[in-house]
1. For the pair R180/R268, report the inter-label distance in nm, with labels modelled 7 Å from Cα in the Cβ direction.
2. Can you send over the carbon and sulfur percentage of the accessible area for the range 183-282, probe radius 1.4 Å, protein chains only?
3. Answer with one residue from V97, G13, L36: the one whose Cα lies farthest towards the positive end of the charge dipole of the range 1-112, charges on Cβ with Lys, Arg +1 and Asp, Glu -1.
4. Quick one: pull the percent of accessible area on the range 58-108 belonging to carbon and sulfur, 1.4 Å probe, ligands and nucleic acids left out.
5. Calculate the spin-label point distance for T212 paired with A144, positioning each point 7 Å from the Cα along the beta-carbon direction, and give it in nanometres.
6. How about the range 43-81: which GluC sites (Glu not before Pro) there lie in a loop by DSSP and see at most 11 other Cβ atoms within 10 Å?
7. Where in the chain lies the longest segment free of trypsin sites (Lys or Arg not before Pro) that are both loop residues by DSSP (not H, G, I, E, B) and have at most 10 other Cβ atoms within 10 Å?
8. Quick query: amide H of K262 versus all other amide H atoms, modeled in the peptide plane; which residues come in under 5 Å with a sequence gap of 5 or more or a different chain?
Amino acid sequence: MKLITWNVQWCRGLDGRVDPLRIVREARRIADFDILCLQEVAANFPELPGSAGENQFAVLAEALPGFEAVPGAAVDVRGADGSRRAFGNMILSRYPVLAVRRMQLPSPPDAGRPSMPRMLIEARIDTPLGAVRVMTTHLEYYSAHQRSAQVEAIRAWHAEACAWAEVDAPAGGKDQGPFRHVPQTRTAILTADFNFGPDDPLYERLQADNGTASRLRDAWAHAHPGEPHPHTLGVHDRERWPQPLSCDFIFATEDLLQRLRKVYVDLRTTASDHQPVLAVFE
């Protein structure tokens, strides 16, 4: 199972061009991926630099026939012309998507700091490794207060899913329609632009003991013990990002780490201001 996560910056490359199809081409160059987790996907936001207001959720889904597309709008607002505008995350899966959940992340007020709504998508996917909850999100950049609240919400979300896996059975005779039972799993992957580095306490907090929940661990650290994380932001654009950062990670539960064979950061592409990260499980 090959998974790529990538903050695509509304599909805008360092040449200033917005091109969702280039994102797909570059991801395919990196690997014949099975699951693609994207952050900063836009629809009907022509004011974003380089954008014509294209519906990138639709363009990306159409460019990957045979994949199930799971969009998630963190921002969903009405434009001046009455149309809907969306900005958020997306999961595309070659494997069957059994169930989807979406969580709007908390955004406690932090006066004087810009922020936007943030959300997490969870796709329960039937993979060759068994059922896996694949989660992707994009945490707040400007407010450490909000990022911390968002990390706690993700920990609680994961713990709840694990608790459901322990009592996973239909209840009360209800197993039809929207009550239809879809088996839950403790096996999970969490990907994101976390907007924190490996030296941030939140990096350790995400991996900390979480009661009876399965623990999430950094896939890069497992595959490359003792090696610093490659930078994933500001690798090519030193004008905007004078100090490159490592902020895009793949976390996986420990049962999956036993099947992890490769973690790779592609440093070649300039199709976004972030670099994509690949994990391969067998």
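1. Output for this residue pair reads 4.2 nm.
2. Values: 2120 of 4410 Å².
Answer for the range 183-282 is 48 percent, counting heavy atoms of protein chains only.
3. Among V97, G13, L36, the one farthest towards the positive end of the dipole of the range 1-112 is V97.
4. Numbers: 1340 of 2450 Å².
Summing carbon and sulfur atoms, their accessible area is 55 percent of the total for the range 58-108.
5. Calculated label separation equals 3.6 nm.
6. On the way: sites: E47, E54, E62, E68; in loops: E47, E54.
Taking the range 43-81 and a limit of 11 other Cβ atoms within 10 Å, the loop GluC sites (Glu not before Pro) found are E47.
7. Details: sites that count: R180, R238, R240.
The segment 1-179 is the longest one with no such site.
8. Hits under the 5 Å cutoff: V280.
The values are calculated or read from the model by the stated rules, or taken from the named source; none is laboratory data. Treat the numbers as computed from the prediction; the structure is a model and nothing was measured. All Cβ positions, even for glycine, are placed from backbone atoms using ideal geometry, and neighbour counts span all protein chains on display. Heavy atoms of the whole protein, side chains included, go into the accessibility calculation; ligands, DNA and RNA do not. Shrake-Rupley method; radii C 1.70, N 1.55, O 1.52, S 1.80 Å.
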